[in-house]
Amino acid sequence: MSHNILILPGDGIGPEIIDEAVKVLNALKAEGSLDMELQFAKLGGSAYDAEGSPYPESTQKLAKAADAILLGAVGGPQYDKLDRPLRPERGLLAIRTDLELFANLRPAILYEELANASSLKPEIVANLDLMIVRELTGGIYFGQPRGIEVSEDGERFGYNTLVYKESEIERIGRVAFDIAMKRGKRLCSVDKANVLEATELWREVMERIGKEYPEVELSHLYVDNAAMQLVLKPKQFDVMVTTNMFGDILSDQASMLTGSIGMLPSASMNASKQGLYEPSHGSAPDIAGQSIANPLATILSAAMMLRYSLEQGELADRIEAAVKQVLANGLRTADIYEEGTRKVSTTEMGDAVVAALAR
Ligand code: NAD
């Protein structure tokens, strides 16, 4: 079956880093291992420039029909003065909502060769390989009622609602258990069940779904303890699953354990495993157009896309091994350069990954 992949280069360094990921996908296609068709469309500032909307109908149509979507990044200072609905970031929110991407996958991987980039001691973080699954469309960020009001005694108060339906917990739970099955088969669910009823239900539902996945070892941590454990002994974790707000905080914390923003892929998925795959970083307008951006986060996003949306785990393994090989060979883009290694451009890095793939 041919996979229908939509490519959204976006803005800033987006087109440069996407080119390198496309190179990698095309190399797999050329050797006959990947049956795919690529389509290209605009999102963000480039879409606004061309069609007056950050998420134009033409893109929306292709996005809905795609099996998976690979995005560079959106945004740039030239768009900061636009009305909010026209800003590039709105395009990103719109596509996430449109495709009902409720599961956010945020890996934190630290290759041994880059262990010095972390603010933690190398022995604590070297070879870290952790996946945080964050619920993205529910919880306290969306719950009603919410607002800022004035009470009867004239004092203002602000309030939000943490609410999760069983069905919402179930669907994020299933995504997390499925991912654990494709990795180390250990899942840690993070909640605050001792204080928050909504997460008491969260824990109960995770336990129930766990019975459908007898091979996966399920554990639970309160979020405060999880935050401590992440800096104390991050390698104890395989997959973590948690609510929208806890996941927002913990996934940023975990990504910073790695110290190199140009290396981290991410994804958001819906119930039919359709996903939007993108590097964790932004469009880096400060270095756009210079061929010095690190394309590895985008190449690793393509690997995630193969594994989680297209069921091509072996090809994903090969891409990840090729990236590891290139790092072991001492190649570095400027952002991860250190003495004793060889500084290469964006395109040279992409070419090196393709070459390592062939071996
Ligand atoms: P950023 O991630 O773009 O850049 C932060 C710093 O990291 C910059 O110094 C940049 O040069 C560097 N950097 C980022 N990616 C790199 C890479 N691949 N290789 C080498 N260096 C890299 O964050 P920012 O500067 O806060 O935001 C810039 C623009 O990106 C803004 O318009 C913002 O809204 C947008 N943004 C988009 C996304 C997205 O598309 N998902 C996410 C975050 C920010």
How high is the relative contact order of segment 130-180, given as a whole-number percent (alpha carbon pairs under 8 Å, six or more residues apart)?
36 percent
Within a Cβ distance under 14 Å of R134, other residues only, what is the Lys/Arg minus Asp/Glu net charge?
-2
Could you do me a favour and compute the accessible area per residue for segment 144-272, 1.4 Å probe, result in Å²?
50 Å²
Restricting to the chain, compute how many DSSP beta bridges are antiparallel as a %, nearest 5.
40 percent
In whole µm²/s, the translational diffusion coefficient that Stokes-Einstein assigns to segment 225-359, given a Kirkwood hydrodynamic radius over C-alpha pairs, 37 °C and 0.692 mPa s, equals 202 µm²/s
Full extension between A271 and M1 adds, at 0.36 nm per residue less the Cα distance, a length in nm of 95.2 nm
Charges only on Cβ, +1 for Lys and Arg, -1 for Asp and Glu: so what's the dipole of the chain about the Cα centre, in debye to the nearest 20?
480 debye
For a protection proxy built on the mean count of beta-carbon atoms within 10 angstrom, sort 257-263, 329-335, 202-208 highest first, please.
257-263, 202-208, 329-335
How high is the FRET efficiency from S33 to I249, r the C-beta distance, R0 56 Å, rounded to 0.05?
0.90
Largest-first ordering by accessible area, 1.4 Å probe, given options F40, F157:
F40, F157
Taking segment 1-138 and dividing mean pair separation by its residue count, relative contact order in percent (alpha carbons under 8 Å, at least six apart)
25 percent
Of G340, A254, A267, which is farthest towards the positive pole of segment 238-359's charge dipole, taken about the Cα centre with +1 and -1 on the beta-carbons of Lys, Arg and Asp, Glu respectively?
G340
Normalised alpha carbon radius of gyration of segment 70-216 [divisor 2.2 N^0.38 Å]
1.36
Under the Kirkwood approximation for Rh and a Cα-based Rg, what ratio Rg/Rh is obtained for the chain?
0.97
Report the full-extension gain for the segment A50 to A358: residue separation times 0.36 nm, less the Cα-Cα distance, to one decimal in nm.
107.1 nm
Quick one: dipole size for segment 121-171, taken about the Cα centre, charges +1 on Lys/Arg Cβ and -1 on Asp/Glu Cβ, in debye to the nearest 20.
220 debye
Looking at the calculated P(r) for segment 193-264, what percent of the C-alpha pair distances fall above 21 Å?
33 percent
Can you compute the FRET efficiency between N127 and D153 using 1/(1 + (r/R0)^6), with r the Cβ-Cβ distance and R0 = 56 Å? Round to the nearest 0.05.
0.45
Sorted by accessible area with a 1.4 angstrom probe, largest first, how do D35, D11 fall?
D35, D11
Hey, what number do you get for the chain at 222 nm if only DSSP H runs of n ≥ 4 count, each worth -39500 (n - 2.57), divided across all residues, to the nearest 500?
-12500 deg cm²/dmol
Counting every Cα pair in segment 158-306, what percent are over 26 Å apart?
31 percent
Kindly write out, for segment 114-121 in residue order, the coupling ³J(HN,Hα) from the Karplus curve 6.51 cos²θ - 1.76 cosθ + 1.60 (θ = phi - 60°), rounded to whole Hz, with x marking Gly and Pro.
10, 4, 5, 6, 7, 7, 8, 5
Relative contact order %, the chain, counting alpha carbon pairs below 8 Å whose residues are six or more apart
21 percent
So if R0 is 45 Å, what FRET efficiency would N26 and L232 give, r being the distance between their Cβ atoms, rounded to the nearest 0.05?
0.60
For segment 250-359, which whole-number percentage of the solvent-accessible area (1.4 Å probe, protein heavy atoms only) is attributable to carbon and sulfur atoms?
49 percent
So what does E57 come to for accessible area, using a 1.4 Å probe and Å² rounded to 10?
150 Å²
Pull up the cross-link candidates among the lysines for K324, meaning alpha carbon to alpha carbon under 17 Å and not fewer than 8 places away within one chain.
K343
When only DSSP loop residues count, what chymotrypsin sites (Phe, Trp or Tyr not before Pro) in segment 274-359 have their Cβ near at most 12 other Cβ atoms within 10 Å?
none
Simple label model, 7 Å out from Cα along Cβ direction - Q290 to Y337, nm:
1.0 nm
Stretch gain in nm, segment E207-R186, where the contour uses 0.36 nm per residue and the Cα spacing is subtracted
6.2 nm
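The values are calculated or read from the model by the stated rules, or taken from the named source; none is laboratory data. What you see is a predicted model; the values in this text were computed from it and never measured. Neighbour counts are summed over all protein chains in view; Cβ atoms, including those assigned to glycine, are modelled from backbone coordinates with ideal geometry. Please note that ligands, DNA and RNA were not included when accessible areas were found on the heavy atoms of the full protein model with its side chains. Shrake-Rupley method; radii C 1.70, N 1.55, O 1.52, S 1.80 Å.
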